[in-house]
1. Would you mind stating whether THR106 is at negative phi, at pLDDT below 90 and not in a strand (DSSP E or B)?
2. Please enumerate the residues belonging to the stretch 11-34 that are in a loop (DSSP other than H, G, I, E, B) and farther than 16 Å from LEU85 by Cβ.
3. Tell me which residues, restricted to the stretch 1-34, are of a type in the set (Lys, Arg) and exposed (fewer than 12 other Cβ atoms within 10 Å of the Cβ).
4. When both residues are 6+ apart or on different chains and their Cβ atoms are under 7 Å apart, which pairs have a first residue that lies in the stretch 99-117 and is charged (D, E, K, R), and a second that is at pLDDT below 75?
5. Restricting to the stretch 23-63, count the residues that are touching an Asp or Glu at 6+ places or on another chain (Cβ under 7 Å) and within 23 Å of ARG102 (Cβ to Cβ).
6. Within the stretch 93-115, track down each residue that is under 15 Å from ASP83 (Cβ atoms), of a type in the set (A, V, I, L, M) and exposed (fewer than 10 other Cβ atoms within 10 Å of the Cβ).
7. In the stretch 35-70, how many are assigned to a loop (DSSP other than H, G, I, E, B), touching a strand residue (DSSP E or B) at 6+ places or on another chain (Cβ under 9 Å), modelled with pLDDT of 90 or more and not hydrophobic (A, V, I, L, M, F, W, C)?
8. Can you name the residue in the stretch 71-89 that is of a type in the set (Gly, Ala, Ser) and part of a helix (DSSP H, G or I) and is also surrounded by the most Cβ atoms within 10 Å (Cβ to Cβ) among such residues?
Amino acid sequence: MSKEDIPAVCKILTSTSLCEGKGLAERLSPLGEGGASLSLVAERSGELVGVVLAVYNGFHVFLSHLAVVPGLQRQGVARHLHDELMQTAKRLGALGVITDSRLTTTGFFYQLGYRTPGAVFLVHQF
């Protein structure tokens, strides 16, 4: 994912109701600059159709958002993005990939091999 992709990524995330649009481009800007970002996009016919937002902390990859434009869901785009992320994580020597999931997408992640590790996911909100 590059800085140039951010407007289209914002559109995908808002069209799937994963994020609100206000301030989203600014929030995503650091992910388009590289660094610890492993964020990827999927294209079809030159148009962005999917995105995975992920970062690597030297131990694990944290996958925070995986979205595909409405109308192209259930066609393997998300799985392809996930597979690319997994290959990158393995190449970097990550110990694993951690994700949070909406209840409606937990089945998808279980199909990809994710399991509940017995840990509690804690959030301190601002």
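The values are calculated or read from the model by the stated rules, or taken from the named source; none is laboratory data. Computed from a predicted model, the values in this text were never measured in an experiment. Here Cβ is always computed from backbone atoms with ideal geometry, including for glycine, and neighbour counts include all displayed protein chains.
1. When the stated conditions are applied, THR106 passes them.
2. THR16, SER17, LEU18, CYS19, GLU20, GLY21, LYS22, GLY23
3. LYS22, the sole residue that qualifies.
4. Within 7 Å, the pairs are ASP100/PHE121.
5. 4
6. Passing the criteria: none in range.
7. Counting residues in the stretch 35-70 that are assigned to a loop (DSSP other than H, G, I, E, B), touching a strand residue (DSSP E or B) at 6+ places or on another chain (Cβ under 9 Å), modelled with pLDDT of 90 or more and not hydrophobic (A, V, I, L, M, F, W, C) gives 1.
8. ALA78
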